[in-house]
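See below for the structure under consideration.
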Amino acid sequence: MTALQDAPVGLATTALRTYRPGTAPAGVVPQQRVAAVPAVEDEPAPTASDAALAGVAAPVAVPEPSDVEALWTRYTQERCPRSREQLILHYVPLVTAVAGRIGMRLPSTVEHADLVSYGMFGLIDAIEKYRTDRAVKFESYASSRIRGAIIDELRAMDWVPRSVRTKARAVDRAYGELESTLHRAPTETEVAQRLDLPVHELRAVYTQLAAVNIAALDELLAGSDDRPGAGTLADTLGDRRAEDPAGSVEAQETKYLLARAIECLGERERLVVVLYYYESMTLAEIGRVLGVTESRISQIHTAAMVRLRTRLLDAERG
């Protein structure tokens with residue numbers, strides 16, 4: 001007999017009318033079926049801390065909030081490993097939240113799962129060193145320990161010294177303040193005065209900062225997905241050896257227009273242009289060839305340039 005069959009007729013009718021496939025009728029609480037898993041005698045069951053660090057589900061049930069106080073009392077008095085494991089599982093969301101806040105300011109190359117792993121060591125250390133008789137909530141105490149563990153691990157993996165990172169932040173801050181004040185890009189002298197440094201020391205700082213920002217060429221660009229063919233940083237780099245199609249067409253068109261304009265010049269002007277630009281002769285040498293003075297050749301050259309410029313401008317407008 002089910003709970004629906006034991007209920008009065010009116011309640012049963014109402015339950016059947018409101019019943020939807022996939023949901024239980026009112027008054028009936030479905031129980032989750034858990035398949036029995038035979039225990040392996042040769043391998044010991046993983047602890048809660050090992051499971052949390054490995055990112056898999058732990059066999060220890062997460063305690064209810066009402067049981068946390070009792071767990072703290074038992075762990076403080078007896079140092080019970082079982083209570084320690086249950087406390088670790090209870091405060092795992094705190095590690096995830098702290099890692100998420102730190103990860104927002106880090107590059108995309110830093111995995112969130114790695115930050116959670118680093119923070120788990122801080123959580124375990126906080127549980128072992130926390131004293132319940134202090135007037136400090138465990139969440140506040142553990143958050144600082146978790147954050148410190150994550151930052152310490154990130155600093156250990158960083159190839160740039162902390163002093164150089166500090167200088168980089170100071171230079172960026174000085175640039176931002178000067179740009180907002182001057183409404184233009186500041187000069188080296190202005191930045192050096194802002195930082196109270198000589199110019200040569202500022203240039204030495206620039207040399208040190210050259211190795212701070214290093215990016216992988218296969219790193220995906222912001223907004224790209226993980227599908228094959230997604231945009232990477234290498235795709236944004238230009239190949240200087242490759243010919244620019246637009247520049248090539250523009251150069252060919254300019255040569256054509258210039259050749260047509262030279263053909264429209266007078267005979268003497270055309271000869272001066274050819275000897276000066278194609279034969280690399282000086283104005284004095286051209287004057288001796290044509291039997292005139294150098295000043296006269298200069299006048300002819302100036303007149304030819306004016307006519308060529310006018311015809312090219314007319315060709316662009318047309």
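Where a number appears in this text, it was derived from the coordinates with a stated rule and is not lab data. Owing to the predicted nature of the structure, the values given are computational and were not obtained by experimental measurement. Cβ atoms come from the backbone with ideal geometry, glycine included; neighbour counts cover every protein chain shown.
Couplings 3J(HN,Hα) for the stretch 293-310, derived from phi with the Karplus relation 6.51 cos²θ - 1.76 cosθ + 1.60 (θ = phi - 60°), are 6, 5, 5, 5, 5, 5, 5, 4, 4, 5, 5, 5, 5, 5, 5, 4, 4, 5 Hz, where x marks Gly and Pro. Of all lysines in the structure, those lying under 22 Å Cα to Cα from Lys137, and not within fewer than 8 positions of it along the same chain, are Lys129.
For the stretch 71-162, the relative contact order is 29 percent, taking Cα pairs closer than 8 Å that sit 6 or more residues apart in sequence and dividing their mean separation by the residue count. Once backbone amide H atoms are built at 1.01 Å from N, Leu106 has no partners under 5 Å, excluding neighbours fewer than 5 places away on the same chain. Each Lys or Arg adds one and each Asp or Glu subtracts one; over the other residues with Cβ under 13 Å from the Cβ of Thr76, this totals +2.
For Gly247, neighbours were defined as the other residues whose beta-carbon sits under 13 Å from its Cβ, and their charges (Lys and Arg +1, Asp and Glu -1) total -2.
Once you reduce the stretch 170-205 and the stretch 77-101 to the center of their Cα atoms, the two points are 47 Å from each other.
When you filter the trypsin sites (Lys or Arg not before Pro) in the stretch 119-167 for DSSP loop state and at most 16 other Cβ atoms inside 10 Å of their Cβ, you are left with Arg131, Arg134, Lys137. Note on the stretch 240-318 and the stretch 146-168: Cα centroid distance 62 Å, given to the nearest whole angstrom. Once the gyration tensor of the Cα atoms in the stretch 265-317 is diagonalised, the equivalent ellipsoid follows with semi-axes of 23, 10, 8 Å, ordered largest first. Amide H contacts under 5 Å for Thr232: Leu221, restricted to partners 5 or more places along the chain or on a different chain, H placed in the peptide plane at 1.01 Å from N.
Of the trypsin sites (Lys or Arg not before Pro) found in the stretch 64-93, the ones in coil according to DSSP and having at most 11 other Cβ atoms within 10 Å of their Cβ are Arg79. The stretch 162-209: D in µm²/s via Stokes-Einstein (Kirkwood Rh, Cα pairs, 25 °C, 0.890 mPa s)? Estimated diffusion coefficient is 228 µm²/s. Mean sequence separation of contacting Cα pairs (under 8 Å, at least six apart), scaled by the length of the stretch 265-317, corresponds to a relative contact order of 36 percent.
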